[in-house]
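Since the structure comes first, as structure tokens, the remarks are kept for the end.
Derivation of every value follows stated rules applied to the coordinates shown; laboratory data play no part. These figures come from a predicted structure and were not determined experimentally. Using ideal geometry, Cβ is built from the backbone for each residue, glycine included, and neighbour counts are taken over all protein chains shown.
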Amino acid sequence: MDLEIRQHESFQRREWTAQRIGWVALALFVLAGLVGLLGTGPLSWTVTESDGGLVTVEYDRIAHHEADESLTLIFAADAVQDGVITAELTGPWLSGVDVQSISPEPSEQLAVPGGVILELPVERPGEIEMTLTFRAAKYGRLDGEITVGADTVAVSQLVLP
């Protein structure tokens, strides 16, 4: 006895193609997560140095909304002028985050149009490190600039849920 089963071969091929595309998309999503494009991983953090070398910034490229994050500023010994390091933070990055703490705490925080100026007294010469702990308050891309003297470095983060 022969069974006649009607098959729709073109539909079957489209279904197999869609299934393979789904598997590839899922594999790429998992791979992106493992390497840090969606969160913590080897590609998630970066170090950016200004052209003149006065300031270096270490931060995560990917931040998460309302999660504790940090940004580390490393100032070269040449950044000290009259015993003080003056750093200006400007751009949408600053308005898109809630700064929780700054360590070591600057002696002055002055509001300027589009940003803030931080003045950090320096007691002994050498490289100085400052850490800003923050929580991202907005989603999307946040760009900012940190200026020390005439030296500027750009910061760009993507804020995900």
Helix-only mean residue ellipticity at 222 nm for the chain, each DSSP H run of n ≥ 4 adding -39500 (n - 2.57), per residue, nearest 500:
-6500 deg cm²/dmol
From the square roots a ≥ b ≥ c of the eigenvalues of the alpha-carbon gyration tensor of the chain, which class results: rounded (a/c under 1.5), prolate (a/b over b/c), or oblate?
prolate
Rounding to the nearest 20 debye, state how big the charge dipole of segment 1-79 is about its Cα centre with +1 on each Lys and Arg Cβ and -1 on each Asp and Glu Cβ.
520
How large is the dipole of the chain about the Cα centre if only Lys and Arg carry +1 and Asp and Glu carry -1, each at its Cβ, rounded to the nearest 20 debye?
980
Would you please put 81-90, 26-35, 142-151 in order of how densely packed they are, using the mean number of other Cβ atoms within 10 angstrom per residue and starting with the highest?
142-151, 81-90, 26-35
Length-normalised contact order of segment 45-160 in % [C-alpha pairs under 8 Å, at least 6 apart]:
36
Would you work out which of ALA32, PRO125, ILE74 lies farthest towards the positive end of the dipole of the chain? Charges go on Cβ: Lys and Arg +1, Asp and Glu -1.
ALA32
Give me VAL99, VAL80 ranked fewest to most by other Cβ atoms within 10 Å of their Cβ, as a rough exposure proxy.
VAL99, VAL80
Which angle between 0 and 90 degrees, to the nearest 10, do you get for helix 9-35 versus the longest principal axis of the chain when only C-alpha atoms count?
20
